[in-house]
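S.K.: Starting off with a structure, shown below.
The values are calculated or read from the model by the stated rules, or taken from the named source; none is laboratory data. All values derive from a computational prediction rather than experimental measurement. All Cβ positions, glycine included, derive from the backbone under ideal geometry; neighbour counts span all protein chains shown. The protein model used for the area step is the full one, side chains on, heavy atoms only, and it has no ligands, DNA or RNA in it. Shrake-Rupley method; radii C 1.70, N 1.55, O 1.52, S 1.80 Å.
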Amino acid sequence: VQLQASGGGLVHAGGSLRLSCAFSGSSFSLYVTGWYRQPPGKQRELVANIFSGRSPTYADNVEGRFTISKDSAKQNVYLQMNSLKPEDSAVYYCYARQMGLSTHYWGQGTLVTVSS
């Protein structure tokens, strides 16, 4: 499985960014896909994930501001981030995990910086 993330950048507080992740190398429909983030000096944390037939899952601190979606035909996963806060600044990693298995596959990370 290969994952290619894009879309990070610098934005002012209150602004928006959209992250994209291109999935390849296996059957997209078998995988839970989503996003983790790692703020400077902190551990990686789950932001959101999505799997066909189930409601998306969000971390409490992004619920209502972030929206995860996917395009199965393009095998892409997206994270729309609105009302961004400085504490959302982090390296964002897209990931994929085959349903029922524990192995995570990771994209290369994309940096999001939110200025106050």
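S.K.: Looking only at segment 12-40, count how many residues are open to solvent by less than 20 Å² (accessible area, probe 1.4 Å), among the hydrophobic types (A, V, I, L, M, F, W, C) and in contact (Cβ under 8 Å) with a residue 60 or more places away in the chain.
M.R.: Residues meeting the conditions: 5.
S.K.: Test of understanding: among GLN75, GLN4, GLN43, which residue is over 15 Å from VAL112 (Cα atoms) and without any contact (Cβ under 8 Å) to a residue 24 or more places away in the chain?
M.R.: Numbers: GLN75 fails: without any contact (Cβ under 8 Å) to a residue 24 or more places away in the chain; GLN4 fails: without any contact (Cβ under 8 Å) to a residue 24 or more places away in the chain.
Only one candidate passes the filter, namely GLN43.
S.K.: In segment 78-101, which residues are free of Cβ contacts under 8 Å to residues at least 12 places away in the same chain and on the phi < 0 side of the Ramachandran plot? Step through it out loud before you land on a result.
M.R.: Keep residues of segment 78-101 that are free of Cβ contacts under 8 Å to residues at least 12 places away in the same chain, which gives 100-101.
Residue satisfying the conditions is LEU101 alone.
S.K.: Mind listing whichever residues of segment 76-99 are aliphatic (A, V, I, L, M) and open to solvent by less than 30 Å² (accessible area, probe 1.4 Å)? Step through it out loud before you land on a result.
M.R.: Taking segment 76-99 and keeping what is aliphatic (A, V, I, L, M), we get 77, 79, 81, 84, 90-91, 96, 99.
Passing the criteria: VAL77, LEU79, MET81, LEU84, ALA90, ALA96.
S.K.: Scan segment 64-73 and give yes if some residue there is farther than 19 Å from TRP106 by Cα and surrounded by fewer than 13 Cβ atoms within 10 Å (Cβ to Cβ), otherwise no. Please lay out each step first, then the result.
M.R.: Of segment 64-73, the ones farther than 19 Å from TRP106 by Cα are 64-67, 73.
From the residues that got through so far, the ones that are surrounded by fewer than 13 Cβ atoms within 10 Å (Cβ to Cβ) too are 64, 73.
Yes, some residue in segment 64-73 is farther than 19 Å from TRP106 by Cα and surrounded by fewer than 13 Cβ atoms within 10 Å (Cβ to Cβ).
S.K.: Still on this structure, I have one more. Restricted to segment 100-116, and to residues that are part of a loop (DSSP other than H, G, I, E, B) and not hydroxyl-bearing (Ser, Thr, Tyr), which residue is surrounded by the fewest Cβ atoms within 10 Å (Cβ to Cβ)?
M.R.: So the first thing to find is which residues in segment 100-116 are part of a loop (DSSP other than H, G, I, E, B), and the list is 100-103, 107-109, 116.
From the residues that got through so far, the ones that are not hydroxyl-bearing (Ser, Thr, Tyr) too are 100-101, 107-109.
Working: GLY100: 7, LEU101: 10, GLY107: 23, GLN108: 12, GLY109: 16.
Of everything passing the filter in segment 100-116, GLY100 is surrounded by the fewest Cβ atoms within 10 Å (Cβ to Cβ).
S.K.: Right, something else. Right, SER52: touching a residue at least 12 places away in the same chain (Cβ under 8 Å) and over 11 Å from the mean Cα position of the chain (by Cα) or not?
M.R.: For SER52, the condition - touching a residue at least 12 places away in the same chain (Cβ under 8 Å) and over 11 Å from the mean Cα position of the chain (by Cα) - is met.
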